[in-house]
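Reviewing the structure listed below.
The values are calculated or read from the model by the stated rules, or taken from the named source; none is laboratory data. Keep in mind it's a predicted model, so treat the numbers as computed, not measured. When we count neighbours, we look across all protein chains shown, and the Cβ atoms used for this are built from the backbone with ideal geometry, even at glycine. Accessible surface areas use protein heavy atoms only, side chains included; no ligands, DNA or RNA. Shrake-Rupley method; radii C 1.70, N 1.55, O 1.52, S 1.80 Å.
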Amino acid sequence: MTVRLVEPARETGTEGVPDLLDPCRWSAPVGRVDSLSARERRVLVLLGIGESNRSIARRLDISERTVKAHITRILTGLGVESRLQAGLVACAWARARAAARRPESDPAGTRAA
């Protein structure tokens, strides 16, 4: 849900509207992602693509109560206030990781596959 809501707003190109997925905007929480457990990072990624607690529970074969516990630890660990902010951090983290993997000769990620 997070990406589905944010992407259309980001694509409008409206001047003055901040890029909510800019890794710099979320640099402090993005820097804390590696302190999360592997399972918490997986839940974070699923939050970032808009999955509900029920869907996350089904995908990871855990209870919804366990998902809620993971989300509580994620919010605390990242220092954010909501699952929306956690989802935005997940998107910014993914964007930063993709940029870090891009070859230096292709800084904009424009090389054809």
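Each residue in the stretch 59-87 was checked for being surrounded by 14 or more Cβ atoms within 10 Å (Cβ to Cβ), closer than 16 Å to residue 45 by Cβ and not small (Gly, Ala, Ser), and 13 of them qualify. All conditions in (1) open to solvent by 30 Å² or more (accessible area, probe 1.4 Å); (2) without any contact (Cβ under 8 Å) to a residue 60 or more places away in the chain hold for residue 96, with the sole exception of (2). Close contacts from the stretch 53-81, counting a first residue that is closer than 13 Å to residue 36 by Cα and a second that is β-branched (Val, Ile, Thr), with Cβ to Cβ under 6 Å and a gap of 6+ residues or different chains, come to 70/43; 78/89.
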